[in-house]
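A short worksheet on the structure shown next.
The values are calculated or read from the model by the stated rules, or taken from the named source; none is laboratory data. Since the structure is predicted, the reported quantities are computational estimates derived from the model, not experimental observations. Glycine also receives a Cβ, built like all others from the backbone with ideal geometry; neighbour counts cover every protein chain displayed. Each accessible area value is taken on the protein alone, full model and side chains, heavy atoms only, with ligands, DNA and RNA left out. Shrake-Rupley method; radii C 1.70, N 1.55, O 1.52, S 1.80 Å.
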Amino acid sequence: MQDYDLIVIGSGPAGRRAAVQAAKLKKSVLVVEKGRRVGGVCVHTGTIPSKTLRETVLNLSGWRERGFYGRAHRNKDSISADDLKRRLSITLDHEVEVLEHQFSRNNVTTISGAGRFLDPHTVEVTTDLGVRHTFRSERFVLAVGTVPYRPEHIPFDGESILDADDILELKRLPRSLAVIGGSVIGMEYATIFSALDVKVTVIDPSDTIFPFLDRELVDEFIHELRDRGITLRFQTKAKRVSKKGPDACLIELEDGRQIWSEMVLFAAGRKGAIDGLGLENAGLVADERGRIAVDKATFRTSVPHIFAAGDIIGFPSLASTSMEQGRIAACGAFDVDAQAPPEFFPYGIYSVPELSTIGMTEEQARTRRIPYECGIARFRETARGQIMGLNAGFLKMIFALETRRLLGVHIVGEGATELIHIGQAVLNLGGTLDYFVENTFNYPTLAEAYKIAALDAWNRMPRKQPTSDVWETAHEALLKFAAGAKAG
Ligand SMILES: Cc1cc2nc3c(=O)[nH]c(=O)nc-3n(C[C@H](O)[C@H](O)[C@H](O)COP(=O)(O)OP(=O)(O)OC[C@H]3O[C@@H](n4cnc5c(N)ncnc54)[C@H](O)[C@@H]3O)c2cc1C
């Protein structure tokens with residue numbers, strides 16, 4: 001039996017960062033990964049493949065030029081499933097190579113096989129060929145991530161009735177697609193396929209989508225989806241799904257309506273990948289969705305020498321935040337102080353159009369009774385937006401009336417997930433409306449929307465500067481809000 005200073009189970013963003021951080025502390029590290037290659041859901045079935053698919057679709061379909069040349073414009077007339085997959089494998093190979101190199105450079109040992117606790121300090125790893133190895137450690141980071149939730153009543157067949165993993169293995173493109181679940185993943189795929197002119201229907205039991213986003217942003221998003229023919233069926237559930245022929249699936253809804261489509265994507269949730277992990281042997285328990293509870297500051301589980309990070313601990317379930325959690329968990333495992341991440345982190349949704357958000361929504365400011373003012377800039381108001389042929393999309397900022405401080409930024413449209421970082425910097429540095437009004441922005445850029453939105457708010461803001469006590473109180477309220485948001 002071999003001993004390591006730290007054993008990390010899972011090689012996604014959380015496991016990767018935990019392993020490299022521990023290696024940088026000069027510790028011996030073993031990463032156990034049951035997938036064929038390192039990288040996790042992030043590299044193989046989640047973030048990277050879905051974003052590569054999106055980029056390929058936008059390029060091949062000529063989506064970005066349609067504002068000028070009309071809805072019928074295409075860069076490639078007939079797009080096949082193979083066209084979409086070609087770019088995927090190139091990107092994935094590159095990402096895996098980068099990661100393997102990072103592990104070898106840092107002397108991180110990896111083993112391919114499924115890890116299972118035998119006791120709180122021992123892990124058994126079973127390889128694909130059924131060979132078993134056992135390893136011991138005084139410290140563990142669990143970073144096993146999630147798998148798609150597959151309810152019994154959905155007859156998944158990997159060809160017509162798919163989950164979010166299957167969709168990357170498509171053999172042909174459907175003419176119509178029904179997406180069950182208006183989740184982030186569901187909406188990303190729904191809008192990507194709609195950009196290929198696939199007829200898309202989304203079914204979700206709630207009365208809207210993305211309840212955590214600013215309402216105005218969601219309203220604009222929904223308007224755009226409906227405008228381009230995506231059907232949204234809210235407040236109902238799929239009662240039964242059946243295959244009626246090679247190109248026909250029937251979804252019977254609880255409200256009695258029926259939806260016919262060539263393919264069905266089930267994207268209503270994920271669950272922790274805890275099957276076979278032997279959590280009980282380590283003294284750990286998971287909740288009903290397979291999530292493991294941790295202390296949100298240190299990522300320590302109820303078993304003090306076992307830490308957990310990434311999607312397995314639940315919200316916010318992002319690659320970006322998982323990496324930070326992995327780093328902090330590894331530092332905690334060796335009693336090294338880890339610098340906590342800044343108060344606010346951005347949330348990006350790579351639908352078509354993109355959405356991105358940071359800080360307070362208008363609804364949250366109202367609930368907290370913070371007097372505020374909003375400024376909005378539509379991308380078509382910017383010279384860059386005109387050059388790019390953008391007809392839609394906007395940037396909205398929320399400022400505290402008393403302190404002029406930036407409270408939140410919400411963007412829908414081209415480049416939203418990149419543009420958000422300007423707002424992130426100003427928000428985390430405690431900046432105010434005046435930053436945007438007083439500074440010069442490159443011209444012509446979409447970033448100029450920040451200045452236009454700030455001027456829009458400025459027109460309605462009081463002219464006087466805040467006194468320091470008003471500032472302190474508002475600052476504390478904002479920190480409290482950020483701490484609450486992080487805890488989910
Ligand atoms: C379709 C999709 C799109 C996404 N898009 C984005 C996005 O645009 N931006 C973003 O920030 N996030 C996105 N995410 C979320 C992001 O992928 C996850 O937050 C991130 O991958 C979580 O990282 P992780 O380290 O927790 O685990 P994962 O990346 O899930 O990796 C866990 C690894 O653990 C391994 N494992 C599991 N059990 C065992 C075991 N018993 N033994 C050994 N190994 C095991 C698995 O094989 C896997 O490789 C997306 C997710 C999906 C599904």
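Here are a few things to note about the model shown:
- Exposure of LEU479 as accessible area (Å², to 10), given a probe of 1.4 Å and all protein chains: 60 Å²
- Put simply, the amide H of LEU284, placed in the peptide plane, has no neighbours under 5 Å, leaving out anything fewer than 5 places away on its chain.
- Based on DSSP H segments of at least four residues, each scored -39500 (n - 2.57), the chain has a per-residue ellipticity at 222 nm of -10500 deg cm²/dmol.
- Candidate residues LYS480, LYS243, LYS24: accessible-area rank, largest first, probe 1.4 Å: LYS480, LYS24, LYS243
- For the range 13-59, the C-alpha radius of gyration divided by 2.2 N^0.38 Å, with N the number of residues, is 1.50.
- In the chain, one over the average inverse separation of all distinct C-alpha pairs is 24.2 Å, which is the Kirkwood hydrodynamic radius.
- Residue-wise HN-Hα coupling along the range 134-146, computed from phi with Karplus coefficients 6.51, -1.76, 1.60 (Hz; x: Gly, Pro): 10, 9, 10, 7, 8, 9, 9, 10, 8, 9, 7, x, 9
- Carbon-plus-sulfur accessible fraction, the range 323-382 (probe radius 1.4 Å, protein heavy atoms only): 46%.
- Sequentially through the range 122-128, phi angles give Karplus couplings (6.51, -1.76, 1.60; θ = phi - 60°) of 10, 10, 9, 10, 10, 7, 4 Hz, Gly and Pro residues having no value and appearing as x.
- Other residues whose C-beta falls under 14 angstrom from the C-beta of MET1 contribute a net charge of -2, scoring Lys and Arg +1 and Asp and Glu -1.
- Bridges between two residues of the chain, per DSSP, are antiparallel at a rate of about 60%.
- Over 32 Å between alpha carbons, listed pairs LYS76/LYS239; LYS34/LYS199; LYS199/LYS239: LYS76/LYS239; LYS34/LYS199
- Residue-by-residue Karplus 3J(HN,Hα) for the range 409-418, coefficients 6.51, -1.76, 1.60, Hz, glycine and proline x: 10, 9, 10, 10, x, 3, x, 4, 6, 8
- Given the chain, longest segment not containing exposed loop GluC sites (Glu not before Pro) (DSSP; at most 11 other Cβ within 10 Å): 289-488
- The range 208-258: relative contact order as a whole-number percent, Cα under 8 Å and 6+ apart: 23 percent
- Take every Cα pair under 8 Å whose residues are at least 6 apart in sequence, average their separation, divide by the length of the range 92-188, and the relative contact order is 11 percent.
- For the chain, the relative contact order is 14 percent, taking Cα pairs closer than 8 Å that sit 6 or more residues apart in sequence and dividing their mean separation by the residue count.
- Computed over protein heavy atoms with a 1.4 Å probe, the accessible surface of the chain works out to 45 Å² per residue.
- Close amide-amide hydrogen proximity is noted between THR146 and ALA273, each under 5 Å apart and 5 or more residues distant or on a separate chain (H modeled in the peptide plane; Pro and chain starts excluded).
- The trypsin sites (Lys or Arg not before Pro) of the range 353-405 meeting both criteria, a DSSP state outside H, G, I, E and B (loop) and at most 16 other C-beta atoms within 10 angstrom of the site's C-beta, are ARG368, ARG369.
- For trypsin sites (Lys or Arg not before Pro), the sites in the range 121-226 that DSSP calls loop and that have at most 13 other Cβ atoms within 10 Å are LYS171, ARG172, ARG175.
- Between the alpha-carbon centres of the range 82-137 and the range 1-54 there is a gap of 7 Å.
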